[in-house]
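S.K.: Take this structure first; my questions come after.
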Amino acid sequence: FLNATLCEGFGLPTLEALRLGCRVVTGPLSFLQKDDSAVFLCNPESEDSIEVALNKALSISDKTKGNGGYRRTLNDTAEETLGCYRR
């Protein structure tokens, strides 16, 4: 799933893709702020950066990815958001 956007709100499509076990390429404005086994960050203003992230996402095997990928739930995201507000 590619979501190389310059402006993002909550990112529900990205969350849905993760929930389905898809690999995700997204920009730094995403609620996902780190590379993970199924999340690859890119600079949405750089075609080269997007290409590198897509190649990384496509080159890993399903075995490397683990149990169907990074499965983030709405509850996980809500807990992290609440933690940010508390801090």
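S.K.: Return the residue satisfying two criteria in turn: it lies in the stretch 6-21 and is assigned to a loop (DSSP other than H, G, I, E, B) and open to solvent by less than 80 Å² (accessible area, probe 1.4 Å), and of such residues it is modelled with the highest pLDDT.
M.R.: For the stretch 6-21, the residue satisfying everything is Gly21.
S.K.: For the stretch 53-73, enumerate the residues that are closer than 20 Å to Pro13 by Cβ, open to solvent by 70 Å² or more (accessible area, probe 1.4 Å) and either at pLDDT below 65 or in a loop (DSSP other than H, G, I, E, B) (or both).
M.R.: Answer for the stretch 53-73, where residues must be closer than 20 Å to Pro13 by Cβ, open to solvent by 70 Å² or more (accessible area, probe 1.4 Å) and either at pLDDT below 65 or in a loop (DSSP other than H, G, I, E, B) (or both): just Arg71.
The values are calculated or read from the model by the stated rules, or taken from the named source; none is laboratory data. Quantities reported herein were computed from a predicted structural model and do not represent experimental measurements. Here the Cβ is made from the backbone with ideal geometry for all residues, glycine too, and neighbour counts use every protein chain on show. For the accessible areas, the whole protein counts, side chains as well, though only heavy atoms, and no ligand, DNA or RNA atoms are used. Shrake-Rupley method; radii C 1.70, N 1.55, O 1.52, S 1.80 Å.
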